[in-house]
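Q: Let me give you the structure first, and then I'll get to my questions.
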Amino acid sequence: AWLRPILSTFFLRGTKDRLDRLIAHEQELVAGVQDRIKGLGLELHWTLTQDIADQYITVLKTFSDVRLSDMIWSICSSSAVNQLTERSNVSRSVVRCPVRFEDSAPQWLTGNPTLPLLRTASGAALYLLPGIVLLENFAEFKVFSMKELVIESGKTRFLETESVPRDATLAGYSWLRENKDGSPDRRFIDNYQIPTTRYAEIRIKGWGINEEFQFSNAGYGQSFGSSLIALKHAVSWASQNQALNGSSEPPR
C-alpha cells in the first residue's frame with residue numbers, strides 16, 4: 001500500500017515525458033507541412049483602373065451590409081408550377097438552403113488577403129476579387145473574368161411558408177389555393193393564408209457557374225447586386241477601351 005503512490009508517480013512521470021516528446025514531434029511535422037503549403041501557394045497581382053477600384057470598394061461596403069441580413073439562401077433547385085391545376089399565383093417552386101457570406105480567402109492564396117466569400121448550397125465557394133471571380137469546390141478551382149458572367153439582380157414577391165425573417169418586408173397575404181381575383185378557392189378545405197414577403201435576388205451565371213441567392217433584407221440585397229453589376233460594367237468598359245487603344249498588355 002505504501003509503495004502504490006511512489007510507483008504511480010514514477011509511471012505517470014514517465015508517461016508524461018513520452019507524451020511531451022510525441023507532441024513536440026507532431027508539432028514539428030505540422031510546422032513542416034504548413035511551410036510546404038506556403039511554398040506551393042498562389043500569389044495574385046493585378047492592376048486596376050480608378051473606376052474598377054472605386055466600384056470594388058462599393059462591393060466591399062455593400063457586402064458588409066448584406067451579411068447583416070437575417071437570412072441568406074442559395075436556391076438549390078426550382079421547378080415550374082402549373083398555376084391552373086394548382087390554383088396558385090406562384091409561377092415556380094424553389095428549394096432553398098441557408099448559406100453564409102463571410103470574409104475569407106482560399107488556403108492556397110498567399111498573402112492572407114480578405115475577400116468576400118459567397119457560400120453555395122453545393123458547398124462551393126465564390127470569392128470576389130477586383131474584376132475576377134474564383135470558384136472553389138471540393139475537386140478544383142476556376143478563375144473567371146466578371147465580364148464573362150451574367151449578373152442579374154432584383155426584388156421578388158415570395159410566399160413564405162417558413163418563419164418570416166425579422167428584417168423581411170411583409171407585402172401582404174395570399175391563399176394557398178386562390179382564384180384569379182385573389183379570393184380563396186372554397187373547394188379546398190385545407191386552404192389557408194400565407195405571408196407574402198419582398199426579398200432581393202441575385203443570379204450569377206456563365207462558364208459552369210449557375211448560382212441564385214435570396215436575401216431577406218431586400219434593401220441590402222439589392223444594393224449588393226447593383227454594386228456587382230456596376231463592377232462588371234467597369235471591367236467590361238476597361239477591356240473595351242484597352243482593345244480600342246490597341247494596348248499590347250492585357251488587363252489583369
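Q: Specify the residue that is farthest from Ser77 (Cα to Cα); the eligible residues are those in region 146-174 that are in a strand (DSSP E or B), open to solvent by 30 Å² or more (accessible area, probe 1.4 Å) and polar (S, T, N, Q).
A: Thr169
Q: Please verify whether Thr49 is loosely packed, with under 13 Cβ neighbours inside 10 Å, of a type in the set (Ser, Thr, Tyr) and at pLDDT below 90, treating the condition exactly as stated.
A: No, not satisfied.
Q: Could you list, in sequence order, the residues of region 95-142 that are over 14 Å from the mean Cα position of the chain (by Cα), within 20 Å of Ala53 (Cα to Cα) and surrounded by 14 or more Cβ atoms within 10 Å (Cβ to Cβ)?
A: Correct list: Pro113, Pro130, Gly131, Ile132.
Condition check ((1) under 21 Å from the mean Cα position of the chain (by Cα); (2) closer than 30 Å to Gly131 by Cα; (3) modelled with pLDDT of 90 or more) across all residues:
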site	(1), (2), (3)
Phe144	yes, yes, no
Val150	yes, yes, yes
Ser153	yes, yes, yes
Arg157	no, no, no
Thr161	no, no, no
Asp167	yes, no, yes
Gly172	no, no, no
Lys180	no, no, no
Asp185	no, no, no
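The values are calculated or read from the model by the stated rules, or taken from the named source; none is laboratory data. Note that the structure is a prediction, hence the values are computed from the model and not measured. Ideal geometry is used to build each Cβ from the backbone, glycine not excepted, and the neighbour counts take in all protein chains shown. Heavy atoms of the whole protein, side chains included, go into the accessibility calculation; ligands, DNA and RNA do not. Shrake-Rupley method; radii C 1.70, N 1.55, O 1.52, S 1.80 Å.
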